[in-house]
1. Sort the following peptides by mean Cβ neighbour count (other Cβ atoms within 10 Å, averaged over residues), highest first: 66-73, 10-17, 86-93, 158-165.
2. Could you please rank LYS75, LYS153, placing first whichever residue has the fewest other Cβ atoms within 10 Å of its Cβ?
3. What does the net charge come to around LEU56 if you take all other residues with beta carbon closer than 13 Å to its beta carbon, with K and R at +1 and D and E at -1?
4. Which pairs break 21 Å Cα to Cα here: LYS75/LYS104; LYS104/LYS153; LYS104/LYS157?
5. Determine which aspartates and glutamates satisfy two conditions relative to LYS165: a Cα distance under 16 Å, and not lying fewer than 8 residues away in the same chain.
6. What value, in deg cm²/dmol to 500, does the helix sum -39500 (n - 2.57) over DSSP H runs of n ≥ 4 give at 222 nm once divided by the residues of the chain?
7. All other residues with a Cβ under 10 Å from the Cβ of LEU110 taken together, and with Lys, Arg as +1 and Asp, Glu as -1, what is their net charge?
Amino acid sequence: MNLLVCGELERQPLNGHWFRAIRLTYWRSRLSTAHTRRVSGRFSAAIIGSAGYRSLYLGENHQVAMFEVDALFGKPDAPVSQPKGSWVLMSIHVILDHVVDLTKPSQQELLATSEQELTGRWDSNIAVIPTQRLGTALFAQPDIEGVIFGSSKLSSKNLLVFPDKLGPRSSLVFQNEITGRTEILS
């Protein structure tokens, strides 16, 4: 993977609804991303004791969000529910000015990577997972607010948002149907 070309990746605006699945126990902190500074993810190598960057992962639809958090298993046309715990699906209205779409073959070619490398499962014995190195390189770019990438579980897309890098015209908004209030991720 060639991380030196991250500055050359095509940026595009994004405006639409993406979905977050959370356990009901986390409802009170439903828009919080503070914990992601210390929890590693596909595009974040954060470790306990070393603060990383905040990240928010969203699925392009309800089903993707549920599969990504392991609330659903199996095949998309015959999913099996996770019997432990209760889940909440949230529709987040996303408006971003500068998003990189890693599902585009031209962008994968520029990075000298593949869909398999971007969605593959990595052995936890690897010191630094390639997608985590990529996430760090993308976060270092001054204008990138988000990254679209393929799901490792379905033929669908996910969105990674860097909340600390949102520009003045960008926002992540949740319409809370319980309270009737608009909540904005900050």
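Every number in this text was worked out from the coordinates using simple rules, so none of it is lab data. Quantities reported herein were computed from a predicted structural model and do not represent experimental measurements. Neighbour counts are summed over all protein chains in view; Cβ atoms, including those assigned to glycine, are modelled from backbone coordinates with ideal geometry.
1. Working: 66-73: 18.4, 10-17: 13.1, 86-93: 16.0, 158-165: 21.8.
Per-residue Cβ counts within 10 Å, averaged per peptide and sorted highest first, yield 158-165, 66-73, 86-93, 10-17.
2. Working: LYS75 9, LYS153 19.
So the ranking, lowest neighbour count to highest, is LYS75, LYS153.
3. On the way: positive: ARG20, ARG30, ARG37, ARG42, ARG54, LYS165; negative: GLU68, GLU145, ASP164.
Local charge sum for LEU56: +3.
4. On the way: LYS75/LYS104 24 Å; LYS104/LYS153 18 Å; LYS104/LYS157 11 Å.
Those over the limit are LYS75/LYS104.
5. ASP97, ASP143, GLU145
6. On the way: 4 runs with 30 residues, N = 186.
-4000 deg cm²/dmol, from helical runs alone.
7. Residues close to LEU110 contribute a combined charge of -2.
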